[in-house]
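Shown next, in structure tokens, is the structure this report addresses.
The values are calculated or read from the model by the stated rules, or taken from the named source; none is laboratory data. Since this is a predicted model, take the numbers as computed values, not measurements. Here Cβ is always computed from backbone atoms with ideal geometry, including for glycine, and neighbour counts include all displayed protein chains. The accessibility values were calculated without ligands, DNA or RNA, using every heavy atom of the protein model including side chains. Shrake-Rupley method; radii C 1.70, N 1.55, O 1.52, S 1.80 Å.
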Amino acid sequence: MGNKYVLLKEKIYAGQRISAEEAVGLFSWDLLELGKAGDHRRKLATPGEEVGFIIDRIINFTNVCEAACRFCAFHARAGSIPPYTLSMDDILAKTEALKAAGGTQVMLQGGLHPDYTLAFYVHMVKTVKENFPDIVLHSFSPAELVHISEKSGVSVDDAVKALKSAGLDSVPGASDLLVDRIRKIVSPHKITTAQWCEVMEVLYRNGFKSSATMTYGMGETVDERIAHLMTVRNIQDRTGILRAFIPWSFSPENTGMSHILPATGIEYLQIVAVSRIVLDNIRYIQAGWLTEGLKPAQVALCFGANDMGGVLTEEVVVKAAGITTTTSRDRMIDIIGNAGKIPVRRDSDYQVLERYA
Ligand code: SF4
């Protein structure tokens with residue numbers, strides 16, 4: 001190994017920030033060396049061995065979507081799920097079931113429906129919150145917020161303010177891949193990278209917390225993967241609103257891109273470790289058990305990840321792409337415990353609610 005490798009390794013172990021060019025080089029590291037470096041940075045971010053999970057539910061209230069992204073198997077025109085819209089009673093019944101299962105968070109997410117305006121979204125948030133004041137609404141997405149504001153002729157800022165006063169608590173980042181070359185191919189009718197960043201700034205000014213995700217394996221280069229991480233790191237430097245980062249691989253089945261071979265488990269572990277090293281300003285990196293499977297997610301806990309995300313008593317979007325992994329509170333406790341970690345149930349703000357010996 002050359003001098004460059006030794007210097008970079010020293011930098012990483014000293015907890016220093018690395019450049020985009022250095023980050024690209026990490027993809028040629030030996031996998032276990034990379035994992036050890038990722039785990040070291042994880043210990044700097046969260047000393048101790050606790051790994052959290054939350055009991056939550058995604059309620060996908062409609063799959064009717066104007067954007068019809070090529071990489072999405074969920075929207076009605078992809079053909080795997082017929083068009084549907086849930087009634088308010090359906091939404092309340094699903095929230096009730098989550099509460100009965102000990103859940104604390106609901107993620108309301110839909111397609112970019114051609115008819116739904118801000119008034120509809122405000123009504124939905126208000127109704128759920130009035131009926132379930134203790135349930136945290138971590139809901140919608142930057143693309144939905146831009147869509148709502150355009151449909152209603154108001155600014156994103158006004159839409160966010162209205163949703164906040166209706167009871168919205170926080171907004172998931174749903175970033176996909178923040179590289180416009182890829183976005184033009186896979187989701188040409190969805191927001192651009194610059195718009196995603198603008199929404200994050202609006203959420204920050206309105207006192208919201210958020211997260212960032214990364215969907216990789218859609219034909220992007222290693223440089224583009226790092227460009228995504230740099231955009232996320234810059235936003236976090238400016239706002240500090242990202243509570244977590246969640247990388248997951250693209251699932252091609254039932255999408256308009258089914259010719260693409262799925263990314264490998266090795267790539268997943270590389271992405272987790274590189275994300276942990278590059279994102280020195282984000283505390284939690286989630287292991288994506290839903291897309292990668294429970295066992296690879298367990299390994300990711302030794303590569304830099306320190307959270308298992310949601311138990312998700314219901315999920316539709318990933319299921320539409322042919323993935324049927326499910327879990328439960330007890331299974332999650334086992335998976336975390338068997339990785340040599342301490343399982344904890346947490347709330348939306350990453351505060352511990354229950355510790356399991
Ligand atoms: S990814 Fe979102 S915006 Fe794109 S088609 Fe699917 S539901 Fe619609």
Can you give the relative contact order of the stretch 172-276 as a percent, counting alpha carbon pairs under 8 Å and 6+ residues apart? 29 percent
Could the peptides 15-23, 47-55 be put in order, highest first, of the mean number of other beta-carbon atoms found within 10 Å of their residues? 47-55, 15-23
Need one number: nm distance between label points at A101 and I342, each 7 Å from Cα along Cα→Cβ, rounded to one decimal. 2.7 nm
Given a 1.4 angstrom probe, I'd like the percentage of the accessible area of the stretch 47-348 that is carbon and sulfur, rounded to a whole number. 54 percent
Can you tell me which aspartates and glutamates have their Cα less than 18 Å from the Cα of K43? Leave out same-chain residues fewer than eight positions away. E10, E33, D280, D307
Leaving ligands, DNA and RNA out of it, rank R233, R243 by accessible area with a 1.4 Å probe, largest first. R243, R233
Determine the distance separating the Cα centre of the stretch 153-210 from the Cα centre of the stretch 93-110; give it in Å without decimals. 23 Å
Restraint check, K295/K341; K161/K184; K151/K184; K126/K161; K4/K36; K36/K341, Cα-Cα greater than 25 Å: K161/K184
Please name whichever of I182, S152, T95 sits farthest to the positive end of the charge dipole of the stretch 78-194, dipole taken about the Cα centre and charges placed at Cβ: Lys and Arg +1, Asp and Glu -1. I182
With a 1.4 Å probe and all protein chains left in place, how much accessible area per residue does the chain have, in Å²? 40 Å²
Could you tell me which residue out of S249, I260, G48 lies farthest along the dipole of the chain toward its positive end? Charges go on the beta carbon: Lys and Arg +1, Asp and Glu -1, centred on the Cα centre. G48
Potential lengthening between D330 and E150 on full extension [0.36 nm per residue; Cα-Cα distance subtracted]: 60.5 nm
With label points set 7 Å from each Cα along the Cα-to-Cβ direction at T264 and D115, the distance between them in nm comes to 4.9 nm
Taking the chain as a Gaussian network, where each spring joins two C-alpha atoms under 10 Å apart, which residue of A100, A37, A297 fluctuates the most? A100
Could you tell me the convex hull volume per residue, in Å³, taken over the Cα atoms of the stretch 60-121? 104 Å³
Peptide ranges 89-96, 288-295 listed from the most packed, as the mean C-beta count within 10 angstrom indicates: 288-295, 89-96
Using Cα-Cα distances under 8 Å and only pairs 6 or more residues apart, what relative contact order does the chain have, in percent? 24 percent
At 0.36 nm per residue, and after removing the present C-alpha to C-alpha distance, how many nm does the segment from M88 to L7 gain when stretched out fully? 23.4 nm
So E33 and K184, fully extended at 0.36 nm per residue minus their Cα-Cα distance, gain in nm 50.8 nm
Unit charges at the beta carbon, dipole of the stretch 47-348: most positive-side option, S139, N281, C197: N281
In whole Å, largest first, the alpha carbons of the chain cover along the principal axes 60, 47, 39
Quick numbers on the stretch 1-132, Rg and Dmax over C-alpha atoms in Å, give 22.8, 63
